[in-house]
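Notes follow once the structure below has been shown.
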Amino acid sequence: MNIAKKTYGFALVEKKKVAEINSMARLFRHDSGAELLHIENDDDNKVFAITFRTPPENSKGIPHILEHSVLCGSRKYPIKEPFVELLKGSFKTFLNAMTFADKTMYPVASTNEKDFVNLMDVYLDAVFHPNIYEQPEILMQEGWHHELNKKEDEISIKGVVYNEMQGAFSSPEQILFRNIQRSLFPDHVYGFESGGDPDEIPNLSYEEFIDFHKRFYHPSNSRIFVYGDGSIEDRLKFIHKEYLEEFSESEIDSDIPLVKPWDKPDEIEKYYPISANEDEKEKTYLSMNFVTGESNNLELSMAMGMLDYILMESPAAPLKKALLESRLGKDVFGSYNNHLRQPFFSIIVKNSESERKTEFSELLYSTLEKIIKNGIDKKLIKAAINIIEFHLREADFGSYPKGLVYCMEVMNSWNYNGNPIQALEYETSLKKIKSALTTNYFEKLIDKYLMNNAHRNLLVLSPE
Ligand SMILES: [Zn+2]
């Protein structure tokens, strides 16, 4: 399909065939400041997503409450629950909204053209023209409000997100990961809880809530992803005529800064609640956590994912084995989170005791040292590469539409002003990583990002 250099306010910035996903990628910039990435191929499982950069400035949960609230009726769809109504009989293959640490994403997918356009319309109307301006009660319902059912009862706080986050804050593992992220990124956007801390949510005012929408839900702060078959021209025309045309470009300060790098590791102790009659024995989490580069480094992201498999997930994983054999805890696992501008890697022991933290740290480092010295079993490296390569080539992501997975990958770079097309071109990176089959590629990675990385901490999470 040939697209003119400028179509319906969209200027073509880059056009490139992406062999890895057998698609034609086109990056546009609209007069409103919106960027749009179109991925053209013959996949009928079409995907649309609009994502806003939403850096939290506190832990009152504004990004999350807004995500819920814009879906409670809008200019064209003034009914209270448009989705429940409109989705009856929809051919959707995916429909959700997600609040990340620094962005909010509204993706839909459908195999039916008419349905797809309809869903796009509902979502665009929701984000740009939500009823929250005319109906303050939406914030009360979705965020928080006081509730008193009987005169003799105590006043309680209720709200969809408030209740949801109370649930989230009662799971020890979720508390662990929240604390890891907060502690690695002090005085930074990532030090706040974008989902909302139940203690902080009731401090949120209607004015602050509206102000956040005014500032960040503007085309100039949005990245639009369109994937699959169908006419590009129709998509551009629809998005322009129905929505973007009425906006002019605006300067929005939402850049996600890099955290100030540490010059020495840290140690920190945190607590999670257990009930008074519960035993505190063997309920502590020991974790070693590392900030590892930037997420727009595709090769590093892929390699760190494989390293997690090599060290902690495979049945033959040497670090996992050493930690389990030491009986420091009953279970161990690794984790690599790359949905942040700066991903972090964690090694965790479950069901342990806080007194054993030094033993944990010493064993971890002596084992890594041994792994570097003796080299990783090449069979293990091959298995790790094969698993990732299989996923990349088959693009089989379970219930997730392919296009949505590509959208998430693209955002890992695009959200930080990186090139979204390059985020899909994994072949060169994969080739470089495959050198590991004959070199000490992963050993060097361990040395740089785990052994000699000052931006790390030992975080102990104990029951209380
Ligand atoms: Zn939610």
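Points worth noting:
- Candidates are the residues of the range 365-396 that are β-branched (Val, Ile, Thr) and part of a helix (DSSP H, G or I); the one that is nearest to the chain's Cα centre (by Cα) is 388.
- Residues (within 16 Å of the ligand (Cβ to nearest atom) and assigned to a strand (DSSP E or B)) located in the range 144-173: 158
- The range 190-211, subset within 16 Å of the ligand (Cβ to nearest atom) and part of a helix (DSSP H, G or I), residue surrounded by the fewest Cβ atoms within 10 Å (Cβ to Cβ): 209
- Just one of the numbered conditions (1) closer than 14 Å to residue 237 by Cα; (2) part of a strand (DSSP E or B) is not true of residue 37: (1).
- Criterion violated by residue 445 - all others in (1) open to solvent by 20 Å² or more (accessible area, probe 1.4 Å); (2) within 26 Å of residue 366 (Cα to Cα) satisfied: (1)
- Inter-residue pairs, beta-carbon under 6 Å, first in contact (Cβ under 8 Å) with a residue 40 or more places away in the chain and within 15 Å of residue 42 (Cα to Cα) and in the range 224-238, second part of a loop (DSSP other than H, G, I, E, B) and open to solvent by 10 Å² or more (accessible area, probe 1.4 Å), 6+ apart: 228/43; 229/42; 229/44; 232/1; 232/3
- Single residue of 421, 385, 372, 381 found to be modelled with pLDDT of 95 or more, among the aliphatic types (A, V, I, L, M), touching a strand residue (DSSP E or B) at 6+ places or on another chain (Cβ under 6 Å) and assigned by TED's automatic domain parsing to the domain that holds residue 314: 421
- Selection from the range 86-127 of residues that are away from the ligand (no atom under 16 Å from the Cβ), open to solvent by 50 Å² or more (accessible area, probe 1.4 Å) and in contact with a Pro (Cβ under 7 Å, 6 or more places away or on another chain): 93
- The range 334-344, residues that are out of contact with any helix residue (DSSP H, G or I) (no Cβ under 6 Å at 6 or more places or on another chain) and in a strand (DSSP E or B): 335, 337
- Matching residues in the range 174-183 - criterion: being open to solvent by 40 Å² or more (accessible area, probe 1.4 Å) and either within 16 Å of the ligand (Cβ to nearest atom) or hydrophobic (A, V, I, L, M, F, W, C) (or both): 174, 177, 178
- Restricting the first member to the range 51-69 and to residues that are touching a residue at least 12 places away in the same chain (Cβ under 8 Å) and part of a strand (DSSP E or B), and the second to residues that are open to solvent by less than 10 Å² (accessible area, probe 1.4 Å) and β-branched (Val, Ile, Thr), the beta-carbon pairs closer than 9 Å and six or more apart or on different chains are 51/104; 51/224; 52/104; 52/127; 53/104; 53/256.
- Unmet requirement for residue 327, which otherwise passes all of (1) over 22 Å from residue 436 (Cα atoms); (2) in a helix (DSSP H, G or I): (2)
- Residue match in the range 346-355 (condition: assigned by TED's automatic domain parsing to the domain that holds residue 432 and assigned to a loop (DSSP other than H, G, I, E, B)): yes
- Condition broken by residue 42, with the remaining ones in (1) in a loop (DSSP other than H, G, I, E, B); (2) more than 20 Å from residue 224 (Cβ to Cβ); (3) under 24 Å from the mean Cα position of the chain (by Cα); (4) away from the ligand (no atom under 14 Å from the Cβ) satisfied: (3)
- Being surrounded by fewer than 16 Cβ atoms within 10 Å (Cβ to Cβ) and closer than 27 Å to residue 190 by Cβ is a property that residue 397 has.
- Conditions (1) within 16 Å of the ligand (Cβ to nearest atom); (2) outside any loop (DSSP other than H, G, I, E, B): number failed by residue 223: (1)
- Sole residue being modelled with pLDDT under 95 and either within 17 Å of residue 168 (Cβ to Cβ) or part of a strand (DSSP E or B) (or both), chosen from 94, 83: 94
The values are calculated or read from the model by the stated rules, or taken from the named source; none is laboratory data. Since this is a predicted model, take the numbers as computed values, not measurements. Here the Cβ is made from the backbone with ideal geometry for all residues, glycine too, and neighbour counts use every protein chain on show. Only protein heavy atoms, including side chains, enter the accessible area calculation; ligands, DNA and RNA are left aside. Shrake-Rupley method; radii C 1.70, N 1.55, O 1.52, S 1.80 Å.
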